[in-house]
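Note sheet for the following structure.
The values are calculated or read from the model by the stated rules, or taken from the named source; none is laboratory data. Predicted, not measured: the structure shown is a model, and the values here were computed from it. What goes into the accessible areas is simple: the full protein's heavy atoms, side chains included, and nothing from ligands, DNA or RNA. Shrake-Rupley method; radii C 1.70, N 1.55, O 1.52, S 1.80 Å.
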Amino acid sequence: NTVREVLITLQAQGYVEIKRGKGVFVVDRSKYYVSMFMNWFKENEPHIQQLLEVREILEPSAAKLAAQRITNEEIQALDLIHQDFVRAVRNGNIEDMALHDQKFHQHIIKASRNEMLDFFYTSMSPSLHGYLKKVFSAPAKPIPAIEVHNKILQALKSNDEEMAYKLMADHIHLSKTDMINLVKKIEKK
């Protein structure tokens, strides 16, 4: 009974596949992650679309305002958050990637000094955190976000409003496009 319970648990976690009359087989984890990602995407597609639409509307404008209003102390704090994000990506820690990515964007929203933007962004934070954990998990690739965040940080440091706006708009759009392309690529297989 104990062995059966362990095997059932391992199957639920995607480590093994139990085939009646044939035995227990180790599962290719990459296929498991792809399956989990696709299930999540299909179950949440309308919500994901709405979340990304809101981000496309709010975040570029917030970045533009932040470029006008950000202080040196806020830039230093944002730089530390970015370094934490880079460490999380290099360590493959999904939870920390999501946390520090969200902090990075939240810090920019706060630097905009617009309480309504902050209110709207904070209200979508729980959904955003769950979304980020999924998009940073396999089969997705979080590494491109490092360079984009760095460029946004540089635009904020130089108080370049238009560049901050453009980079943030491109970042959110690229994130959306990458996810859609990944889903299409998986569906073709």
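For R69, R20, give me the order by solvent-accessible area with a 1.4 Å probe, most accessible first, ignoring ligands, DNA and RNA.
R20, R69
Tell me, in nm to one decimal, what length is gained between S123 and L7 on full extension, where the rule is 0.36 nm per residue of separation less the Cα-Cα distance?
Working: separation 116, 0.36 × 116 = 41.76 nm, distance 4.04 nm.
The span from S123 to L7 would gain 37.7 nm if fully extended.
Over 25 Å between Cα atoms, which of K151/K185; K31/K151; K31/K103; K110/K157 qualify?
On the way: K151/K185 28 Å; K31/K151 34 Å; K31/K103 31 Å; K110/K157 15 Å.
Pairs exceeding the cut-off: K151/K185; K31/K151; K31/K103.
Can you list the HN-Hα couplings for the stretch 114-121, worked out from phi with the Karplus curve (6.51, -1.76, 1.60; θ = phi - 60°), rounded to whole Hz and with x for Gly and Pro?
After applying 6.51 cos²θ - 1.76 cosθ + 1.60, I find 10, 5, 6, 4, 4, 4, 5, 5 Hz.
Could you pull out every residue, at least 5 positions away or on a different chain, whose amide H is within less than 5 Å of the one on V27? Hs are placed 1.01 Å off N in the peptide plane, and Pro or chain starts have none.
V16, E17
Keeping all protein chains in place, calculate the accessible area per residue for the stretch 42-95 (probe 1.4 angstrom), answer in Å².
Roughly 56 Å² per residue, with all protein chains present.
In vacuum, with every alpha carbon of the stretch 1-104 counted as one equal point scatterer, what does the Debye formula give for log10 I(q)/I(0) at q = 0.11, 0.13, 0.19, 0.24 Å⁻¹? Two decimals, please.
Log-scaled intensity ratios, in q order: -0.62, -0.76, -1.09, -1.23.
For the stretch 74-125 and the stretch 16-37, compute the distance between their C-alpha centroids and round to whole Å.
Measuring centre to centre over Cα atoms gives 36 Å.
If you plug each phi of the stretch 64-69 into the Karplus form 6.51 cos²θ - 1.76 cosθ + 1.60 with θ = phi - 60°, what whole-Hz ³J(HN,Hα) values come out, in order, with x for Gly and Pro?
Rounded to whole hertz, the list is 5, 5, 4, 4, 6, 10.
For n ≥ 4 DSSP H runs only, could you compute -39500 (n - 2.57) per run for the chain, divide by its residues and tell me the 222 nm figure to the nearest 500?
The per-residue figure over the chain is -27500 deg cm²/dmol.
Regarding the stretch 48-152, what are the three Cα extents along the principal axes, ordered largest first, in Å?
Over the stretch 48-152, Cα extents along the principal axes are 36, 31, 18 Å.
Computing the accessible area with a 1.4 Å probe over protein heavy atoms, can you report the carbon and sulfur percentage for the chain? Please list the in-between numbers first.
Details: 6100 of 11120 Å².
Reported share for carbon and sulfur atoms: 55 percent.
Could you pull the Rg and Dmax for the chain, using just the Cα atoms, both in Å?
Cα-based Rg and Dmax for the chain come out at 19.6, 68 Å.
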